[in-house]
Every structure is written in C-alpha cells, then in structure tokens.
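Before any comments, here is the structure.
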Amino acid sequence: SLVGWRENCVGIYWSSVNLDGDSFVADSMETKLLFPRVWSNPADGASSLGYHFDHFGMACQTLFEVSTFEQWSDVLFASTDITRRGQQPISKIATSNSFFFHAWVVLSCFFVLQLVIGVLVDAINQKSG
C-alpha cells in the first residue's frame, strides 16, 4: 500500500514477498507476514553504507561510488524516483536527474584518467632522470 507522505508512514503492513520480490514460502502458496513501516534511505550501496545526499559526507561517498562504476545504476535509478522532501518516491518521476549522473560519470572518468596518466608520466620521468 502506498504511504504517500512521511507523516503517514506509521503502523504495520502485510507483505507476501521479500525485498527481492520472491515469495516467502512458495509461489503457489501465498504466505503473508506483518512488517513495520520504516522511513529510511536505501541501505544497499557498494560500501554497505547506503547512498543518499542528506549530508555532505554521504553525498561525497555516493558520488565516489558512482565514479568507480560500483552499483552506480542503482543510484541512477533511485535518483529518477525523487520527489519532494518527506514524500514517498514515485517511479520515474524525475528522469532528468539521470543527466547529472551521466555527466558525472563522464567527467569523473576523464579526471581519473588524467590522474593515472599523470602518475605514470611522472614515474617514467623519475626513472629516466
């Protein structure tokens, strides 16, 4: 069931599937369990810290993980569901957010490539004297 706003995220709900969308017991036998409603950020980032932009440190961590291509598509798809503060995500409502992540990947790739080339050239220059 849709919650809509943070203020409505209270109580419990019935679910017949786990977080991966698989049935708890078997596909042929619907088994429902009660779960508490929780308002939280995604907790399945590459570093197991999750990913969000709620504060500067985690924003830097998230952008670093995106630039290393480690589960960057998860962050990309989650960013397209962003609505207003305190509102439940809506699937693909802000697809324009994906342009930022594509630009970030391209620019950070060039930056890292320049760093690697610079270190290699510097090491070769030190060896050759």
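Percent of accessible area on the chain owned by carbon and sulfur, 1.4 Å probe?
Working: 6020 of 9760 Å².
C and S fraction of accessible area: 62 percent.
Each Cα pair under 8 Å and six or more residues apart adds its separation to the average, and for the range 50-129 the resulting relative contact order is 20 percent.
Placing a pseudo-label 7 Å from each Cα along the Cα-to-Cβ vector at V105 and R37 gives an inter-label distance of 3.5 nm.
Looking at the range 1-111, the accessible area is 73 square angstrom per residue; that uses a 1.4 Å probe and ignores ligands, DNA and RNA. Sorting K32, K127 on solvent-accessible area from highest to lowest, probe radius 1.4 Å, gives K127, K32.
Only protein heavy atoms count here; under a 1.4 Å probe, S40 has an accessible surface of about 90 Å². For mean projected area of the Cα convex hull in nm², which listed value, (1) 17.7; (2) 11.5; (3) 10.2, comes from the coordinates shown? Of the listed options (1) 17.7; (2) 11.5; (3) 10.2, (2) comes from this structure. Rounded to the nearest 10 square angstrom, E7 shows an accessible area of 140 square angstrom against a 1.4 Å probe. Modelled spin labels at W14 and D81, positioned 7 Å past Cα toward Cβ, are 2.3 nm from each other.
When the helix-only estimate is applied to the chain (DSSP H runs of n ≥ 4, each -39,500 (n - 2.57), divided by the residue count), what is the mean residue ellipticity at 222 nm, nearest 500 deg cm²/dmol?
After summing the helix terms and dividing by the residues of the chain, the value is -13500 deg cm²/dmol.
Show F101, F53, F111, F35 ordered by accessible area, largest first, where the area counts protein heavy atoms only and the probe is 1.4 Å.
The ordering from most to least exposed comes out as F111, F53, F35, F101.
The values are calculated or read from the model by the stated rules, or taken from the named source; none is laboratory data. From a predicted model like this one, the values you see are computed outputs, not experimental measurements. No Cβ is skipped: glycine too gets one built from the backbone with ideal geometry, and neighbour counts run over all protein chains shown. What goes into the accessible areas is simple: the full protein's heavy atoms, side chains included, and nothing from ligands, DNA or RNA. Shrake-Rupley method; radii C 1.70, N 1.55, O 1.52, S 1.80 Å.
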